[in-house]
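Below is one structure, written out as structure tokens; the observations come after it.
Only the coordinates and a few stated rules stand behind these numbers; no lab work does. Note that this is a predicted model, so its numbers are computed, not measured.
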Amino acid sequence: MATCPECDADIEVDEFDVDKGDLISCPECGSNLEVTSTSPLELEPADEDDDEEDDREEEDDFDEDDEGDDEGDGDGEDWEE
């Protein structure tokens, strides 16, 4: 059994079913939690900001690549003739 660091609810987790680094969700408050230790079982709030930042960086890289393809193409109008 572990305790949610966000709402102090008891979470029934078998320490043999989880590994360090696993993510679980608190059934009471819905917080995403990371297993930081298995003996004793300890949970900490999962760092969600890294995933969101990575997604934004990938989108920015994609947008920059798209913009580079359009630059210098003044010939697009010639195809319509």
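Listed values, structure above:
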quantity: Placed amide H near Ile11: partners under 5 Å, 5+ positions off or other chain; calculated: Ala2, Thr3, Cys4
quantity: Extended-chain gain in nm, criterion 0.36 nm per residue less alpha-carbon gap, Met1 and Thr38; calculated: 12.2 nm
